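Novice: First the structure, then my questions, so here it is.
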Amino acid sequence: MLVRQTRMLWALFALIATVSAVLVWRRPMWERLSDLHIYYGAVQWVQGGQPLYSYVAENGGPFTYPPFAIVVLWPIGLLPEPVVQLTWLLLVCAAVIVVALALGGAIARTPEKRGLAVAAAACALVISAPVQSNLRFGQVSIFIVLLALIDAIGLTPARFRGALVGLAAAIKLTPLLFVVYFAISGRGRDGVRAIASFLACGLVAFAVLPSESWTYWSRTMLTTSRIGDLASLGNQSVHGMLLRAGVPETALPPLWAALVLIICTVALIRARNLALDGHPARAAVLVGCATVAASPVSWTHHQVWPVLAAMLLIGATGALQRVAGMALMVAMVASMGVIMSTLPSTQGLQFLFENARALSVLAICLAGLGTATVAVTLPSRSQIPMTPFSIAALSRRRRDSQDTRDSILEAFADEGFDAPAERRLHGLGVAADNRGSIGPSAALSRRAWLRGVTTAAATLAFFAVLPLPAGADPTFKAYTAADVDNPRYFFVCHSYSACVDMVRDVPVNFELFWEPTKVRVNGVVDATVARLEYKSAPGGAPRAVPLVEIYPGQRGFSFRSANISNGSIIAYGTDGRPLAVYRDRLSGS
């Protein structure tokens, strides 16, 4: 039965991966694997003798990684781009499988189910938003996670451990947090090797690209504006959440630094405890989640670590942890843009859902991945006389670490006994069935589920009434004069006379174009309108909408938003007073 289920899951993985790759391949050339296109163009740009950080792709994207990344990517510039794209898709799918293999032992509740757990993990990964984002954009994030994970778990040879973390950090800086984890968890040599590897990669990059290396480490590294709109919904880091919450610009740096320090400190201490208790996979994933929370920018494709955390929680036997794991998995699979388009205008709920992944990662870092009881099986013929000494031994082991078959046997052996008795074990919160299997008692399990449901309901109710500042729709983007020729953004009135007719009797007129995760608004204004503002919800912060000249003497505007059903457009005259407010047309009423 297990073999059949495993094969079915691998077939499902192959189907999802194939369909995903085909959908990516069918995208327009200018949208297909757009980040990989930036890598490809940057490599050819440097190979042509141009400075790396002056490169800007046709889609407006610059190259933002350290110069060593170009050294690693150098071979792709020698191949046709379609070959690079196809190879990249295959490598991303292969990386997903390797990550699942690395984590399978920690997810499986018994050794016999490891194959099933690996296949299930691969399916969960490939359907998640972060991996889909890696496939769609052609990102390197899945490979960074792979290098750090197998090194932190200890799957690399002992004398080389730490080197892969250093290599990953030379491509993207956030894995450097694993160096601190190594230092405090008794793996100092691994930390030294990680630093040595990181520096060696930097020296290689400096030897190959000296000018680019100096430019990156002295200036480019600190210019986060090159990465995009950090307040957008895709950035689910603590920094992005604070930006969406409207924290004043002067207060943002110290507040963000203080929060990151607290989050990383707690996560690292919990990871150290997990590692010392014999749970290196949980520890590694916890540190990885801390990198997502702490980084100034954590786009969707960076968020692979929370998916791994969700799988570990689902694999636990604690009911509350399984509920948390399933909720986290839903957050990592579902489209936040689609969910937000159905939300009411309540600011608290808007804040909750637009920061759902950031808040989830924050909870993981602070609460940890736990040491929930895992299933253990003892011989059914065994019987242990339950005395205060044997009860104390088991209770002590349950407090210190996860109960495994060996730790329970050792606990009883310490007191001179060799088997359990059902009645006394049940009093400790574990129950033995007729096969000798020990797990959470039914009553404890029901109470845990009840606590989970109650906590979730209370959280939703809390945010529903809390007057938190609305993020003013973090997917909002207003277009400028440089975008006027793009028919995707400016799609109304294709002539001067048509534009004039649209505002013959009104100061503002516009049309809507609905897409799966956003709505595009394009319109024109007459001469009485001096400026426009857009609010995504009552009480939300206003966003300025630029007025651009689309024809001589005729101005228009265009913007996108994920949720306009509760939004409003306000037109102001030259005297600064509102001329008109448009709500009903946005809500569809």
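Novice: Using only the Cα atoms of segment 1-156, construct the convex hull and provide its projected area averaged over every direction, in square nanometres to one decimal.
Specialist: 10.1 nm²
Novice: Next question, about the same structure. Using only the heavy atoms of the protein chains and a 1.4 Å probe, how would ILE171, ILE97 rank by accessible area, largest first?
Specialist: Largest accessible area first, the residues go ILE97, ILE171.
Novice: Another one. Modelled label-to-label distance, ILE184 and TRP217, 7 Å Cα→beta-carbon offset: nm?
Specialist: Rounded to a tenth, the inter-label distance reads 2.7 nm.
Novice: Take the alpha-carbon centre of segment 139-181, take the same for segment 7-72, and report the distance between them in whole Å.
Specialist: Centre-to-centre (Cα) distance: 21 Å.
Novice: Hey, another quick one. Restricting to Cα atoms and excluding each atom paired with itself, what does the Kirkwood estimate give for segment 60-129 in Å?
Specialist: After inverting the pairwise mean of 1/r, the radius is 14.5 Å.
Novice: Can you tell me which of 16-28, 64-76, 145-157 comes out highest on packing, and rank the rest after it, using the mean Cβ neighbours within 10 Å?
Specialist: Listed from highest to lowest mean packing, they are 145-157, 64-76, 16-28.
Novice: Provide LEU586, LEU579 ordered by accessible surface of protein heavy atoms (probe 1.4 Å), highest first.
Specialist: These residues rank, largest area first, as LEU579, LEU586.
Novice: Give the ranking of LYS113, LYS535 by solvent-accessible surface, highest area first, calculated with a 1.4 Å probe.
Specialist: My answer, sorted largest first, is LYS113, LYS535.
Novice: Straight distance only, please: which lysines reach the Cα of LYS518 with their own Cα at less than 18 Å, same-chain residues fewer than 8 apart left out?
Specialist: LYS477, LYS535
Novice: Quick one: net charge around PRO157, please, counting Lys, Arg +1 and Asp, Glu -1 for every other residue with C-beta under 15 Å from its C-beta.
Specialist: Here the charged neighbours net out to +3.
The values are calculated or read from the model by the stated rules, or taken from the named source; none is laboratory data. Everything quoted here is computed from the prediction, not taken from an experiment. Note that each Cβ is placed from the backbone with ideal geometry, even for glycine, and that neighbours are counted across all protein chains shown. Surface areas here come from the heavy atoms of the whole protein model, side chains and all, with no ligands, DNA or RNA. Shrake-Rupley method; radii C 1.70, N 1.55, O 1.52, S 1.80 Å.
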